[in-house]
Amino acid sequence: MTDDLSYTTLFAAALFGGILLYNYSSSDRKNKLPPGPRRLPIIGNVHQMPQEEPWKVFSEWGKKYGGIMHVDIMGQSLVIINSTKIATDLLDRRSNIYSDRPHFVMACDLIGYGETFVLQPYGDNWRKQRRLVAHDFGQAMAPRYHSLQEKEARILVRNVLKDPSSLVSQIKLRIGIIIIRVTYGYYIQSENDPILTTPLTAMDNFSFSTSPGNFLVDFIPILRHIPVWMPGSGFLKTAKEWRKIVWDASWNPYDWCKKNLETGKTLMPNLCGNFISESCGEMTQDEEDKLVWAASSVMGGGLDTNMSSALTFYMAMILNPRVQAKAQAELDAVVGKDRLPTINDRENLPYIRSIIAEIFRYSPAIPMCIPHALSQDDVYEGVFLPKGALIMPNVWHMLHDPEVYPNPMEFHPERFNNDDAEMEKVKDLTFGFGRRFCPGKHFAEGTLFAIVATTLATCDILPGLDENGKEVMPKYKYTPGTITFPEAFPVRLRPRSAQAQALLAEASTAIE
Ligand code: HEM
């Protein structure tokens, strides 16, 4: 919870304002809710909500309460699901009522993320925006962008070889270049380019403001009307600043794309450029708004998630030299040493595919998914699930269940036995559920494959060194928020050969 509005303020607001949204009756209905930690009057379980790596805490809670748990935040029901079966029974099989999104007052109304289809309620506006994106990023269209993904992966590895301390900034830049190029036809100039830095900030803010429990106003909506001079109103100032960031992140690249279609600077094909061209200047304001916010969702959806998975890759490789060596042997045997791997080689590289599936399993970038919301009362195996409940599938737990994935904390690509159906089971969880399933999955896999295969074909990935020249091993520790990243760790890349380095240099200077 943010400092500016503490739990004490919450009590005061709730008690003195007479705005108790919470009905703490012990009716039969409430008795049939899924089990969960004991609630206190008014605040429910607020005081027990974990601040760090909540997916691990909920995983522990599951041992006591089972595969489906109920948590109460100021009267708002949170249903946390640890069981894959229950998650698929509800979110996939009953997707007609489990595809809504929670209405975050802070994120949606006050900051403005409500315009993006990621947070749109399940309905017509969401459907139209999603259709725009699903077409452009579906499996059939994904190959259009392979050469771009490969080229940026080559430049990424070349640059990190030169300066290993640039790993994080290079990953941000190269993944940013890819997603902004395919969304708006704009090629980012540098890591300080506002067309990149503004969306990155918007994504940090998205991740924070959509983690349930970070803003009290989400649970006491009337607080949005408190005067700005009152103590505890700091969130209103934050919302105003963050709103401008979302707006700029969404409209500036779109306006650039539109304007430069005429000058010819807009690189085609790209999501917005395609639609603007096809509409021949006849787009209504409503259609244009939908396109802008759909594009903004794509950019947001494709930035931090892919970055997180790429960083997990480097971390896992430092910790597992055996896996690296095996992957390099596969690449040498299948691709050879005279060229770099391409995304088309993927079908002949089962061990690299297994590494990618294992990245998604070991550390899903969105470990608790993006919360869904239940649009009508439901009953599942005798437990009552109330309309409006936030449904939070604990994907991290499902992918670390030792019954399904023995020794889950080990990075062990062999666990899939080269079986793509087993790998898909992981992706079916990492990329979400039902009608909200990630529309960027194929595209994301292409980017990650290009980075993984290029790095392993050309370099050994080694631990970074501290000031005394001692190796520093990364720790398996992730940042809080809806989208999570491994905590910073140093890395070194060592070229596997002069030939590998020459191939990288050659590929990264080729014109797109
Ligand atoms: C490693 C990469 C990625 C991961 C792990 C990932 C994961 C997810 C997850 C878990 C969701 C929520 C699904 C749900 O609510 O059930 C989601 C939604 C979404 N993703 Fe991705 N994603 C990735 C990359 C991408 C890319 C590259 C794009 C864009 C091309 C994208 C665009 C979106 C959009 C627009 C949504 C919202 C869907 C909706 O609400 O209907 N994602 N993603």
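Coordinate-derived values only; no laboratory data. From a predicted model like this one, the values you see are computed outputs, not experimental measurements. As a convention, Cβ positions derive from the backbone with ideal geometry for all residues, glycine included, and neighbour counts pool all protein chains shown.
Say the dipole of region 136-176 comes from +1 at the beta carbon of Lys and Arg and -1 at that of Asp and Glu; which of G176, P164, L148 then lies farthest toward its positive end?
Selected residue: P164.
When the Kirkwood radius is taken over all Cα pairs of region 89-229, what Stokes-Einstein diffusion coefficient follows at 37 °C and 0.692 mPa s, in µm²/s? Working shown, then result.
Details: Rh = 18.1 Å.
Answer from the Stokes-Einstein relation: 181 µm²/s.
Which translational diffusion coefficient, to the nearest whole µm²/s, is obtained for region 364-456 from the Stokes-Einstein equation, given a Kirkwood hydrodynamic radius over C-alpha pairs, 25 °C and 0.890 mPa s?
Reported coefficient: 158 µm²/s.
Find how many whole Å separate the alpha carbon centroid of region 219-245 from the alpha carbon centroid of region 427-501.
Between the Cα centre of region 427-501 and that of region 219-245, the gap is 37 Å.
Between V472 and K63, what is the FRET efficiency for a Förster distance of 51 Å, r being their Cβ-Cβ separation, to the nearest 0.05?
Values: r = 33 Å, r/R0 = 0.65.
So, using R0 = 51 Å, E works out to roughly 0.95.
Rounded to the nearest 500 deg cm²/dmol, what is the calculated helix-only ellipticity per residue at 222 nm for the chain, with -39500 (n - 2.57) per DSSP H run of length n ≥ 4?
Dividing the helical sum by the residues of the chain leaves -15500 deg cm²/dmol.
Using 7 Å Cα-to-Cβ label points, what is the S165/N348 separation (nm, one decimal)?
Between S165 and N348, the label points sit 4.1 nm apart.
Cα extents of the chain along the three principal axes, largest first, in whole Å?
Principal extents (largest minus smallest coordinate, Cα): 72, 56, 48 Å.
Rounded if a/c is under 1.5, else prolate if a/b beats b/c, else oblate: with a ≥ b ≥ c from the C-alpha gyration tensor eigenvalues square-rooted, which is region 279-379? The partial results should precede the final answer.
Working: a/c = 3.06, a/b = 1.66, b/c = 1.84.
Note, shape of region 279-379 comes out oblate.
Output the Kirkwood hydrodynamic radius of region 188-236, Cα pairs only, in Å rounded to one decimal. Before the final figure, lay out the partial values.
Numbers: mean 1/r = 0.0770 Å⁻¹.
Mean inverse Cα-Cα distance, inverted, gives 13.0 Å.
For the pairs K85/K425; K32/K64; K128/K259; K56/K475, note any where the Cα-Cα span goes beyond 19 Å.
Beyond 19 Å: K128/K259.
Amide H of L465: which non-local residues (sequence gap of 5 or more, or other chain) have their own amide H closer than 5 Å, using H built in the peptide plane?
Residues meeting the criterion, in which the H sits 1.01 Å from N, are V472.
Using all alpha carbons of region 436-512, what is the percent of pairwise distances in each 10 Å bin, ordered from the shortest bin to the longest?
The calculated distribution, bin by bin, is 14, 29, 36, 18, 2.
Let me understand region 246-320 better: what is its radius of gyration from the alpha carbons, and its Dmax, in angstrom?
That works out to 16.4, 55 Å for Rg and Dmax.
What's log10 of I(q)/I(0) for region 66-118 at q = 0.22, 0.26 Å⁻¹, Debye sum over Cα points only, no solvent?
Summing over Cα pairs of region 66-118 leads to -0.96, -1.02.
Could you calculate the FRET efficiency of Q376 with K85 from 1/(1 + (r/R0)^6), where r is the beta carbon distance between them and R0 is 25 Å, rounded to 0.05? List each step's numbers first, then the result.
Details: r = 22 Å, r/R0 = 0.87.
According to the calculation, E is roughly 0.70.
For region 397-407, take each phi angle, set θ = phi - 60°, evaluate the Karplus expression 6.51 cos²θ - 1.76 cosθ + 1.60, and give the result in whole Hz per residue in order, putting x for glycine and proline.
Whole-Hz 3J(HN,Hα) from phi for region 397-407: 5, 4, 8, 10, 6, x, 5, 9, 10, x, 6.
Pull up all non-local amide H partners of C459: gap of 5 or more, or a different chain, and H-to-H distance under 5 Å with H placed in the peptide plane.
R496
List, in order, the whole-Hz ³J(HN,Hα) value for each residue of region 368-383 obtained from phi through the Karplus relation with A = 6.51, B = -1.76, C = 1.60 and θ = phi - 60°; use x for Gly and Pro.
Those phi angles translate into 10, 6, 8, x, 8, 10, 8, 8, 8, 3, 8, 10, 10, 6, x, 9 Hz.
Assuming a ≥ b ≥ c are the square roots of the Cα gyration tensor eigenvalues, decide whether region 292-341 counts as rounded (a/c under 1.5), prolate (otherwise, with a/b larger than b/c) or oblate. Before the final figure, lay out each step's value.
On the way: a/c = 5.56, a/b = 1.94, b/c = 2.86.
Oblate shape, in that a/c is at least 1.5 and b/c is the bigger or equal ratio.
Each label point is 7 Å from the Cα along the Cα-to-Cβ direction; what then is the distance between the points at I222 and K240, in nm?
In this crude label model, I222 to K240 measures out at 2.4 nm.
Give the calculated FRET efficiency between A134 and S279 to the nearest 0.05, with a Förster radius of 22 Å applied to their Cβ-Cβ distance. Provide the component values of the computation, followed by the final result.
Details: r = 18 Å, r/R0 = 0.83.
The pair A134/S279 has a calculated efficiency of 0.75.
What is the mean projected area of the alpha carbon convex hull for region 180-302, to one decimal in square nanometres?
On the way: hull surface 36.7 nm².
Average projection, Cα convex hull of region 180-302: 9.2 nm².
Mind putting a number on the dipole of the chain about its Cα centre? Charges go on the C-beta only, +1 for Lys and Arg and -1 for Asp and Glu, and I need it in Debye to the nearest 20. Intermediate values should be presented prior to the final figure.
Working: 53 positive and 58 negative charges, 84 e Å.
Here the chain has a charge dipole of around 400 debye.
Amide H neighbours of F384 under 5 Å, at least 5 residues apart or on other chains, H built in the peptide plane: list them.
Amide H to amide H, under 5 Å and 5 or more residues apart or across chains, F384 pairs with L33.
Output wanted: per-residue J couplings in Hz (rounded whole) for region 187-203, from phi through Karplus 6.51 cos²θ - 1.76 cosθ + 1.60, θ = phi - 60°, x for Gly and Pro.
Each residue of region 187-203 in turn: 9, 4, 7, 7, 6, 9, 4, x, 5, 9, 5, 5, x, 5, 5, 4, 6 Hz.
If you find the alpha carbon centre of region 162-181 and of region 43-68, how far apart are they in angstrom?
The two parts, judged by their Cα centres, are 35 Å apart.
Report the full-extension gain for the segment M409 to W229: residue separation times 0.36 nm, less the Cα-Cα distance, to one decimal in nm. Write down the numbers at each step before the final one.
Details: separation 180, 0.36 × 180 = 64.80 nm, distance 4.89 nm.
Gain on stretching M409 to W229: 59.9 nm.
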